[in-house]
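Notes for the one structure printed next.
The values are calculated or read from the model by the stated rules, or taken from the named source; none is laboratory data. Given the structure is predicted, the values throughout are model-derived calculations rather than measurements. Counting neighbours? That spans all protein chains shown, and the Cβs are built from the backbone with ideal geometry, glycine included.
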Amino acid sequence: MQAGFHTDIGLRQENQDNALVDPELGLYAVADGVGGGSAGEWASACAIQALRQAVVEGLPLVDAVRAAHLAVEALQDWLGASDAATTLVAAHIQNGELEYAWVGDSRLYVLQDRQLHQLTEDHTVARVLGDDERVSRHMLTQALGAAPEEGLAVDSGTWPLTGSERLLLCSDGLYGALERDILFAEIVQPRQAQRTAEILVARALAAGGDDNVTVVVLDSDPGEAGRDAVDTDRATMGGAVNDSERETPEKYIFFGILLAILVFILIFFWA
């Protein structure tokens with residue numbers, strides 16, 4: 001599995017997107033933070049770190065997403081920011097099978113036999129109510145850290161891999177700016193995964209997209225065109241560093257505390 005990753009702040013003041021590229025775990029994710037100030041950025045970074053740690057500890061993917069939700073809720077208490085929340089779409093590849101789970105409107109697509117399949121369904125008011133001009137098409141019905149009264153509903157699925165697929169995980173900054181036919185036309189090209197990720201982000205910005213844009217492209221059979229490594233200056237085993245992220249001592253302290261909190265969360269799930 002070869003991976004490409006790219007993110008851009010767009011016209012926003014901060015990049016609240018984060019991503020995870022971990023080939024050793026076979027774990028990949030995109031998170032799109034929401035909340036005032038830096039709350040969204042912290043929430044998405046928190047979710048990415050929590051997801052990875054939970055999978056390392058052996059939790060199934062859906063439970064790992066639930067653990068990330070609890071971690072974001074702990075972050076809200078620590079920051080005193082009740083609006084800190086994030087979307088999350090995660091893909092876990094093991095033994096030739098793709099398992100995926102999501103909350104919010106970040107998406108997962110798979111290109112197989114020159115057919116582009118959207119595997120996720122947006123958790124938005126627009127999807128529930130249809131084309132109602134009175135509602136924002138991007139208004140979320142749930143997110144990590146922003147569960148409805150009935151509780152968080154983590155959607156999930158599986159997809160068998162034949163060895164010739166291309167996967168795309170992205171924030172809404174990509175598909176909100178590009179029509180599906182344009183998205184297909186770019187992702188179907190036999191380019192390296194890294195180059196494809198960069199071109200997709202550039203096309204979204206050129207189309208007038210003003211949101212943060214984050215893309216992870218995965219090739220299950222990279223061939224000669226795909227023997228590239230992910231941009232390690234921007235994505236690491238622990239997550240992706242975005243354009244606006246400023247590594248403060250407070251953030252390092254928090255993520256140390258977060259790992260301790262996760263121990264208790266994991267004990268809760270195994271109990």
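Remarks
- Matching residues in region 4-28 - criterion: being within 23 Å of ASP83 (Cα to Cα), among the small types (Gly, Ala, Ser) and touching an Asp or Glu at 6+ places or on another chain (Cβ under 9 Å): GLY10
- Test: residue in region 89-104 that is in a loop (DSSP other than H, G, I, E, B), among the hydroxyl-bearing types (Ser, Thr, Tyr) and either at pLDDT below 95 or surrounded by 15 or more Cβ atoms within 10 Å (Cβ to Cβ) (or both): no
- Set GLY80, GLY36: member being surrounded by fewer than 24 Cβ atoms within 10 Å (Cβ to Cβ) and under 24 Å from VAL125 (Cβ atoms): GLY36
- For beta carbons closer than 8 Å, sequence separation of 6+ or different chains, a first residue in region 21-33 that is without any contact (Cβ under 8 Å) to a residue 12 or more places away in the chain and a second that is of a type outside the set (Phe, Trp, Tyr), there are no qualifying pairs.
- When region 53-75 is filtered for residues that are assigned to a helix (DSSP H, G or I), more than 17 Å from SER156 (Cα to Cα) and either touching a residue at least 40 places away in the same chain (Cβ under 8 Å) or acidic (Asp, Glu) (or both), the ones remaining, listed by number, are GLN53, LEU70, ALA71, VAL72, GLU73, ALA74, LEU75.
- Among the residues of region 4-26, those identified as surrounded by fewer than 24 Cβ atoms within 10 Å (Cβ to Cβ) and touching a helix residue (DSSP H, G or I) at 6+ places or on another chain (Cβ under 8 Å) are ASP8, GLY10, GLU14, ASP22, LEU25.
- Looking across THR236, THR248, one residue alone is more than 17 Å from the chain's Cα centre (by Cα), modelled with pLDDT under 95 and among the polar types (S, T, N, Q). It is THR248.
- Residues of region 39-52 that are in contact (Cβ under 8 Å) with a residue 60 or more places away in the chain and crowded, with 23+ Cβ neighbours inside 10 Å: GLU41, TRP42, ALA43, ALA45, CYS46, ALA47, ILE48, ALA50.
- Contacts under 9 angstrom Cβ, first residue in region 105-134 being modelled with pLDDT of 95 or more, partner surrounded by fewer than 17 Cβ atoms within 10 Å (Cβ to Cβ) and basic (Lys, Arg), 6 or more apart: ASP105/ARG127; LEU116/ARG180; GLN118/ARG180; GLU121/ARG127; ASP122/ARG137
- Under the condition of being charged (D, E, K, R) and over 19 Å from the mean Cα position of the chain (by Cα), the residues counted in region 138-164 number 2.
- Of the residues making up region 76-88, those that are in a strand (DSSP E or B) and of a type in the set (Phe, Trp, Tyr) number 0.
- Filter result for ALA202 (assigned to a helix (DSSP H, G or I), at pLDDT 95 or above, of a type outside the set (Lys, Arg) and surrounded by fewer than 19 Cβ atoms within 10 Å (Cβ to Cβ)): yes
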